[in-house]
Structure formats: structure tokens, C-alpha cells
Amino acid sequence: MERFLTKSPRETDKLAKILAREIIKFKSKIKSALIFGLVGELGAGKTTFIQAFAKGMGIKKRLTSPTFVLMKKYKNLYHIDCYRIKNPKDILALDFEEIISTPQNIVLIEWAEKIKKILPKNKIWIKFEIISEKERLIKFL
Ligand code: ADP
Ligand code: MG
């Protein structure tokens, strides 16, 4: 398990950008979609992380929080927010199955624990813990 303690939103941005750039290097060699399940309470930094990740991927357009929009798509990058999801089935209406089975896709899901049942096995969990006002413990597992 990798864990990082960030001491500001800027440090979280940096971590997400580094990860995105590393992924760009090997993504074409992977034969399946890359799925990240982001977990952590409100304000833990999930959206901050995803926005910086998208920038690191070279996406110029600013990603707005999809808290009211379930899903946002930027080329092969999908940002899904399950905060308002009551039933995992609700997400299937978004062609979720197809999204997660298209090899070139990168899918980042906030509140992913809510749809655990329908997530594939090969996902990476990113857990965010609030340590103090400006500190976040970010764990990859
Ligand atoms: P979530 O999507 O998990 O609800 P957001 O990314 O929307 O969280 O919000 C995180 C909030 O916490 C932002 O207001 C951000 O400025 C603040 N924050 C403070 N310290 C950090 C940090 N180290 N990493 C990320 N966000 C931080
Ligand atoms: Mg959020």
C-alpha cells in the first residue's frame, strides 16, 4: 500500500498530476480500463484530486464538480460522482458496463463504495482521510 500525506490542496494536485503522467506512460500497454474508486468524507479532497489528475492527463478544460451531474466525460477520462446514488443500479443507466469495459478508458469514481457491488475486481482504491484542516492522508490500495 502506498500512502501520502499532503499538507495543502496544492500538494494533492501535485500528487494527482504525477500519477496521471505515470499512467500516460503505460496506459497503452494495459488491455483493460483503469478504474479508480475514491473514498472519503465530504471535503476530503476527492474532487480536487480528480481535477488535477485530468490536468496531468493534458485535459485543458476545467472540470467542474459533477456533484449534481452524475458523470462527466473528457475524451477517454470519466469522472463519476456517486454521492447521490441510492442504488448501484442507477449507475448502470449511464452505460457504465460499457465504460468500464472499454480498454482505453480511465474512470475515476467518487463515493465508489456506494457502487462496490457493480465494480470490477481490477480497480484501485484511493482512500482520503482528513487529518487536519490542510492535511490529507491519501492511500492507494
Ligand atoms: P471531496 O470531493 O472529497 O468532497 P473536495 O476536493 O471537493 O472534496 O474538497 C476538498 C476541500 O479541502 C477543498 O476546499 C480544499 O481546498 C480543502 N483542502 C485542504 N487541504 C487539502 C489537501 N491537503 N488536499 C486536498 N484538499 C484540501
Ligand atoms: Mg467531491
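Every read-out reported here was derived from the displayed coordinates using simple, explicitly stated rules and does not represent laboratory data. Quick caveat: nothing in here was measured; it's all calculated off a predicted structure. With ideal geometry, Cβ positions are generated from the backbone for all residues, glycine too; neighbour counts draw on all protein chains shown.
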**Request:** Return the FRET efficiency for the residue pair Lys60, Leu137: r is the Cβ-Cβ distance, R0 is 22 Å, and the value is rounded to the nearest 0.05.
**Result:** 0.15
**Neighbour-limited loop hits for GluC sites (Glu not before Pro), the stretch 84-141 (at most 11 other Cβ within 10 Å; DSSP other than H, G, I, E, B)** = Glu133
**Request:** Please report the base-10 log of the normalised intensity I(q)/I(0) for the chain, using a Debye sum with one equal scatterer per alpha carbon and no solvent, at each q in 0.11 (1/Å).
**Result:** -0.36
**Item:** Highest average packing first - 31-39, 45-53, Cβ atoms within 10 Å
**Value:** 45-53, 31-39
**Asked** How large is the charge dipole for the chain, taken about the Cα centre, if only the Cβ atoms of Lys, Arg (+1) and Asp, Glu (-1) carry charge, to the nearest 20 debye?
**Response** 420
**Prompt:** Under 5 Å between amide H atoms, partner at least 5 residues away or on a different chain: which partners does Trp125 have, H built in plane at 1.01 Å?
**Reply:** Gly37, Leu141
**Fill in**
Under 12 Å by backbone N from the virtual spin label 7 Å along Cα-to-Cβ at Lys7, the residues of the stretch 113-140 are 134-136
**Fill in**
Farthest towards the positive end of the dipole of the stretch 1-92, among Phe26, Pro88, Phe49 and with Cβ unit charges of +1 on Lys and Arg and -1 on Asp and Glu, lies the Cα of Phe26
**Request:** Tell me which residues come under 5 Å, amide H to amide H, from Tyr78 once H is placed; ignore anything under 5 positions away on its chain.
**Result:** Ile106, Val107, Leu108
